[in-house]
Amino acid sequence: MSIMSFMEKLLNGVEVEWKPLEQLVVDKFWIMPATPQFNDAEKIPYITSKNIKGGHINFDKTKFISREDYIELSRNRPILAGDVLISMIGTIGEVAVVKESDLAFYGQNMYLIRLDENSINCRFFWHFFDSPRMKSHFHAVKNNSGQGYLKANNIDKLEIPIPCPDNPEKSLEIQAEIVRILDSFAELTAELTAELTAELSMRKKQYNYYRDQLLRFEDGEVEWKVLGEVAEYSKTRISYEQLDETNYVGVDNLLQNREGKVKSNYVPTSGNSTEFCDGDILIGNIRPYLKKIWHADCKGGTNGDVLVVHPTSKDVLSQYLYQVLADDRFFEYNMQHAKGAKMPRGNKPKIMEYLVPIPYASDAEKSLAEQALIAAILDKFDTLTNSISEGLPREIALRQQQYEYYRDLLLSFPKPDSEVAA
């Protein structure tokens with residue numbers, strides 16, 4: 001049975017009424033008390049809107065307050081199991097349902113609503129509220145108003161679909177069945193994601209192990225050359241007219257831990273940039289410990305925060321040189337010589353002194369064959385672990401997309417006005 005035919009059977013022709021959220025709550029209030037004294041030796045977590053993510057309260061990286069402060073803060077408005085917290089500042093529109101085990105905490109910059117349990121299931125509300133439709137609405141509100149936060153009326157006036165509103169018992173049964181299906185999908189997605197994430201972690205460890213082993217050479221098998229003998233920094237320039245979001249690379253769109261790059265949110269509208277070509281190696285020069293590096297597969301441009309290492313020697317393959325510079329030993333060397341404490345930058349002259357191992361340097365044909373073999377092995381691990389469009393990361397994304405697809409179908413109730421109420 002398809003989801004749509006299932007929904008038709010579940011609703012069985014009943015009316016669906018879209019009600020403003022303020023008609024479905026029995027209490028609501030801003031949680032924005034004065035900031036108390038923090039002490040890591042205390043036991044009560046004090047959270048902010050940053051701790052609300054994916055329907056849960058994340059208690060990692062929280063500060064702590066005393067039980068006396070907690071009792072004083074929560075004296076008049078205690079937080080109860082089933083209450084819904086909504087982030088209103090920063091990462092806006094995130095929502096979490098308070099669990100029984102979460103009760104001993106307090107925080108700020110959140111909106112708390114206590115739903116009428118006779119009218120709406122809190123998990124039904126969460127699944128609806130967490131949908132892309134709501135996310136896009138909140139971001140539109142934020143961008144159109146120029147404010148960095150949501151206001152209470154941005155939430156109170158939101159319309160929520162309530163099936164069979166004239167029969168609360170049947171309405172809650174329908175909501176509960178939708179919740180059961182979506183929770184099952186969410187649980188399955190979480191389990192599969194955990195398995196794939198564990199697999200991904202193992203593959204990354206294998207990748208690092210093989211890189212370490214393949215780039216270690218016995219004496220006599222290798223000649224060491226400084227990077228400046230086999231490569232140089234790009235000296236050419238490229239006009240802004242030849243650049244777009246796909247081939248302009250700033251340090252912000254280089255990904256950490258050797259994971260390549262994403263499209264740029266910024267493209268220069270005048271002047272010239274440093275040019276890179278297919279086969280060049282781009283290295284983020286701010287905070288080298290972030291391990292931002294990319295093996296270019298096109299022609300494009302970048303700025304002074306990104307180093308463009310251009311191979312110049314016919315004795316060294318660019319894909320092999322990339323793997324050498326993607327090694328932890330290079331980033332450790334880079335940090336040892338970096339300048340600045342708060343925002344360290346790579347030392348460009350010292351980087352060119354980094355020693356590159358050239359296997360079987362006395363036999364050019366054998367050397368290039370060995371380099372190609374090493375690069376091919378590591379490239380396979382690289383693709384499997386880091387590619388956005390291939391390998392395990394793609395599988396994880398597909399699992400999440402599957403859950404979101406069924407959630408959107410199950411929550412696509414008919415509405416006379418297609419616009420979400422502001």
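If you check ILE79, ILE92, ILE120, ILE52 for being in contact with an Asp or Glu (Cβ under 7 Å, 6 or more places away or on another chain) and either surrounded by fewer than 19 Cβ atoms within 10 Å (Cβ to Cβ) or closer than 23 Å to ILE160 by Cβ (or both), only one passes: ILE52.
Conditions tested, residue by residue: (1) surrounded by fewer than 16 Cβ atoms within 10 Å (Cβ to Cβ); (2) charged (D, E, K, R); (3) farther than 14 Å from LEU290 by Cβ.
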| site | (1), (2), (3) |
| --- | --- |
| LYS225 | no, yes, yes |
| GLN242 | yes, no, yes |
| ASN247 | no, no, yes |
| LYS261 | no, yes, no |
| ASN265 | yes, no, yes |
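Looking only at the range 96-110, which residues are under 9 Å from SER49 (Cα atoms) and in contact with a Leu (Cβ under 9 Å, 6 or more places away or on another chain)?
Selection gives GLY107, MET110.
Test of understanding: among GLU195, GLU173, which residue is more than 31 Å from the chain's Cα centre (by Cα), free of Cβ contacts under 8 Å to residues at least 40 places away in the same chain and assigned to a helix (DSSP H, G or I)?
Exactly one residue qualifies, and that residue is GLU173.
Before we move on, is GLU100 acidic (Asp, Glu) and over 29 Å from the mean Cα position of the chain (by Cα)? So GLU100 does not fit the description; no. Of the helices (runs of 4 or more DSSP H) lying entirely inside the range 292-393, those containing at least 2 residues that are among the aromatic types (Phe, Trp, Tyr) and either buried (at least 16 other Cβ atoms within 10 Å of the Cβ) or over 30 Å from the mean Cα position of the chain (by Cα) (or both) span 318-325, 328-336.
Filtered by the rule that a residue be surrounded by fewer than 16 Cβ atoms within 10 Å (Cβ to Cβ) and in contact with a Gly (Cβ under 6 Å, 6 or more places away or on another chain), the range 30-49 gives no residues.
Check the range 246-257 and report whether any residue there is aromatic (Phe, Trp, Tyr), under 28 Å from TYR209 (Cα atoms) and either out of contact with any Phe, Trp or Tyr (no Cβ under 6 Å at 6 or more places or on another chain) or at pLDDT 95 or above (or both). No, because not a single residue in the range 246-257 is aromatic (Phe, Trp, Tyr), under 28 Å from TYR209 (Cα atoms) and either out of contact with any Phe, Trp or Tyr (no Cβ under 6 Å at 6 or more places or on another chain) or at pLDDT 95 or above (or both).
Scanning the range 11-28 for residues that are surrounded by 14 or more Cβ atoms within 10 Å (Cβ to Cβ) and either under 29 Å from the mean Cα position of the chain (by Cα) or modelled with pLDDT under 80 (or both) gives LEU11, VAL14.
For the range 151-189, which residues satisfy the criterion of being touching a Ser or Thr at 6+ places or on another chain (Cβ under 7 Å) and crowded, with 19+ Cβ neighbours inside 10 Å? Those that are touching a Ser or Thr at 6+ places or on another chain (Cβ under 7 Å) and crowded, with 19+ Cβ neighbours inside 10 Å: ILE162, PRO163, CYS164. State whether the residues of the range 179-194 include one that is touching a helix residue (DSSP H, G or I) at 6+ places or on another chain (Cβ under 7 Å), closer than 21 Å to ALA375 by Cα and not acidic (Asp, Glu). No, the range 179-194 contains no residue that is touching a helix residue (DSSP H, G or I) at 6+ places or on another chain (Cβ under 7 Å), closer than 21 Å to ALA375 by Cα and not acidic (Asp, Glu).
Selection within the range 202-240: residues that are of a type in the set (A, V, I, L, M), assigned by TED's automatic domain parsing to the domain that holds GLU259 and part of a helix (DSSP H, G or I). The member of this set that is nearest to the chain's Cα centre (by Cα) is LEU227. Of the residues making up the range 258-278, those that are within 26 Å of ASP379 (Cα to Cα) and either in contact (Cβ under 8 Å) with a residue 60 or more places away in the chain or of a type outside the set (Asp, Glu) (or both) are ARG258, GLU259, GLY260, LYS261, VAL262, LYS263, SER264, PHE276, CYS277. If you filter the range 274-291 down to residues that are charged (D, E, K, R) and part of a loop (DSSP other than H, G, I, E, B), you find that the one that is surrounded by the fewest Cβ atoms within 10 Å (Cβ to Cβ) is ASP278.
The values are calculated or read from the model by the stated rules, or taken from the named source; none is laboratory data. Bear in mind the structure is a predicted one, so any value in this text is a computation, not a measurement. Every residue, glycine among them, receives a Cβ derived from its backbone with ideal geometry; neighbour counts consider all protein chains shown.
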